[in-house]
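The values are calculated or read from the model by the stated rules, or taken from the named source; none is laboratory data. Quick caveat: nothing in here was measured; it's all calculated off a predicted structure. Because the Cβ atoms are built from the backbone with ideal geometry, glycine has one as well, and the counts that use them run over all protein chains shown. For the accessible areas, the whole protein counts, side chains as well, though only heavy atoms, and no ligand, DNA or RNA atoms are used. Shrake-Rupley method; radii C 1.70, N 1.55, O 1.52, S 1.80 Å.
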Amino acid sequence: MLTLEKLPKNIFNELNKHTNILLFLISEDMDILDISTGFEKYKENFINLSNLITYTHKTNFLLKVQECIKDQCTLSFGTNFSYDSNDVENIPQSFTLILHYQEKGKILVLADPICSLSHNETKNYFSMINDFSFLLRKSQKLEYTLIKKNEELNEKIKIVEYLTDHDSLTQIYSRKRIFEELKHEYNRYIRFLEPFCVVMLDIDFFKKVNDNYGHQNGDIVLREFSQKIKSLIREYDLIGRFGGEEFLVILPKTELKSAHKLMNRILKEISNFKISLSDKKNIQITCSAGIVQSDITITMDQLIMLSDTQLYKAKENGRNQVQ
C-alpha cells in the first residue's frame, strides 16, 4: 500500500502508472480539486467525494474526514465506492482510504483497492443476499405461524382434556377421572400400605329441591354444593361427581378416625351454607356421608360399594350425619 508521508511533487503523475490506485485532492467541503488518471472515469459523475461513497459507509466517512480536519492528522479506514452515484447496492470495489491533512484545509485521499468485483459479479452477489433474506424472512414467518398453530392446538388439547376430566355442570372431577384417581391411590396403598379413606356424599332430600324450585335451581344447588365441598377439603384431597347428587371424595394418607372428624366439620359447614337461587331466594341444605378406610382384604370396587352402604346407614339414621 502507498503511504502519504514525504509525497513527491509528481505523485499524481506517478500514480498514472498504477491505475488501480486512486489519488485525489479534496477541500474541507470534500469538493474534488485534483485527481490521478485512474479517477478520470469518475469525474463526470462526481464533483464531491462524499457522493462517491456508498450509502452504508457515508456516515463513517464523514466522521473520519471531520476527525482528519480537527486533528490535522493522517488516518485510514475501509469503505466502498460505487461507479453510479444513484446506485447504492452494486459495489464494484472496496477500498482502504488514507486521509492526509494538507495545509490550508486541503486533504489528500489515497484509495487502495482491497478487492475488485465485476458489475455482474456484484449484482449476482447482492441477488444471492436478497434471495437468502427473502427465504429467511419466509422461513421465520412460517416458523412463527407454526408456533402459533401449535399453541392453538395445545390450547384446544387442554380444553378437551379438561372437558374429559371434569363434570360439565359442577366443574369438579368427572366420574371417569375420579375413578382413575381412586385406582392410583389404591395401587399406591397396595405398594406402600399408606392408609386412605373413601367418602360417598349425598345431598339430603335433593328431589324436593327439584320439585319445589325447578331443575334449573337444582343445578345451581349441585354446582354450589360441589364447589363448597371442594373449598372445605384439604388441598391434596380429591372430589368427583359420582352421579346425580352423589359425590365421591378421596382422602389420601388418612385413617378412619381423622376422616370422620374432617367430614363432621364439613357437614356442619354445609348445614350453615346458604345457596342463592335464580330468583335470589336463599335455601340451606344438608348432606350425608359414608366413609370406608382402605384394607388389604378389600378391593377398589368393594371400597366404593362399602362407602355407599355406609351412606345409606347415615340416611336411615336421620341424615345430615357421617357413618
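Quick rundown of the values:
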| item | result |
| --- | --- |
| By average C-beta atoms within 10 angstrom, highest first, the peptides 211-220, 48-57 | 48-57, 211-220 |
| Carbon + sulfur, % of accessible area of segment 125-254 - ligands and nucleic acids excluded, 1.4 Å | 56 percent |
| Å² per residue, accessible surface of segment 182-243 at 1.4 Å | 52 Å² |
| For a label point 7 Å along the Cα-to-beta-carbon line of GLN227, residues of segment 258-297 with backbone N under 11 Å | 276 |
| Candidates per chymotrypsin sites (Phe, Trp or Tyr not before Pro) in segment 132-171, loop by DSSP, up to 11 other Cβ within 10 Å | none |
| Qualifying trypsin sites (Lys or Arg not before Pro) in segment 198-242, DSSP loop, other Cβ atoms within 10 Å at most 14 | ARG234 |
| Segment ASP211-GLU143, length gained on full extension (0.36 nm per residue, minus Cα span) | 18.7 nm |
